[in-house]
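One structure is given below, encoded as structure tokens.
The values are calculated or read from the model by the stated rules, or taken from the named source; none is laboratory data. Worth saying up front: this structure is predicted, and the values here are computed from it rather than measured. Don't worry about glycine lacking a Cβ; one is built from the backbone with ideal geometry, like all the others, and counts go over all protein chains shown.
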Amino acid sequence: MAMKTNVFMLTVVCLLLPYVGMSQDSSKVPQKGSKVYVIGESKNEDAMKAIDRLIDELKDWAYWEVKPTKDEADFVLKADIKASKGMTLTSWGGTSYTLTAQIIDKGGNVLWESAQYKASPNGTNGFNAGNAVVKKFMRALKKKFK
């Protein structure tokens, strides 16, 4: 009988385990109207232009209030944008970008982390992969935080 109980409990735990990480305390993630400071990780000029574009997009979205200093913000959106030049299968030698981001509270705790978004210059994005990667990220961010 004890063996059946252990197997049952193990089955229940295995079924519920994926949902444990999905439940977020809504008080910990930025709510509409929260103050957010955006910081870029890269010193690359192309990546810094993409960060500027990201800040503009966040301001246009107006879900959060973008602040000019970390001290004024409730949360930090840390964006890691990498720009790489060279010939790839899809870029034809232009600058390609990847973007990942984290939302971090004042205590340094990561509250949310994005997937990695990629863009290479091509005709569908006007050969501006920096804007394209920011747009991909913003679409996902808007779905996540409604």
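Cβ-Cβ distance below 7 Å, separation of 6 or more or different chains: which pairs start in region 28-48 with a residue that is surrounded by 13 or more Cβ atoms within 10 Å (Cβ to Cβ) and of a type in the set (S, T, N, Q) and end on one that is assigned to a strand (DSSP E or B) and modelled with pLDDT under 90?
44/83
If you take the residues of region 110-146 that are out of contact with any strand residue (DSSP E or B) (no Cβ under 6 Å at 6 or more places or on another chain) and without any contact (Cβ under 8 Å) to a residue 12 or more places away in the chain, which of them is farthest from residue 44 (Cα to Cα)?
Restricting to residues being out of contact with any strand residue (DSSP E or B) (no Cβ under 6 Å at 6 or more places or on another chain) and without any contact (Cβ under 8 Å) to a residue 12 or more places away in the chain, the top hit is 146.
Does region 72-93 contain any residue that is farther than 20 Å from residue 116 by Cα, of a type in the set (Val, Ile, Thr), at pLDDT 95 or above and surrounded by 13 or more Cβ atoms within 10 Å (Cβ to Cβ)?
no
Going residue by residue through region 56-75, is there one that turns out to be aliphatic (A, V, I, L, M), in a helix (DSSP H, G or I), touching a strand residue (DSSP E or B) at 6+ places or on another chain (Cβ under 8 Å) and under 20 Å from residue 97 (Cβ atoms)?
Initially, region 56-75 is screened for residues aliphatic (A, V, I, L, M), giving 58, 62, 66, 73.
Remaining after also requiring in a helix (DSSP H, G or I): 58.
Restricting the remaining residues to those that are touching a strand residue (DSSP E or B) at 6+ places or on another chain (Cβ under 8 Å) gives 58.
With under 20 Å from residue 97 (Cβ atoms) added as a condition, the list becomes 58.
Scanning region 56-75, I find at least one residue that is aliphatic (A, V, I, L, M), in a helix (DSSP H, G or I), touching a strand residue (DSSP E or B) at 6+ places or on another chain (Cβ under 8 Å) and under 20 Å from residue 97 (Cβ atoms), so the answer is yes.
Can you find even one residue in region 18-37 that is hydroxyl-bearing (Ser, Thr, Tyr), assigned to a strand (DSSP E or B), modelled with pLDDT of 95 or more and in contact with a strand residue (DSSP E or B) (Cβ under 9 Å, 6 or more places away or on another chain)?
Within region 18-37, one or more residues are hydroxyl-bearing (Ser, Thr, Tyr), assigned to a strand (DSSP E or B), modelled with pLDDT of 95 or more and in contact with a strand residue (DSSP E or B) (Cβ under 9 Å, 6 or more places away or on another chain).
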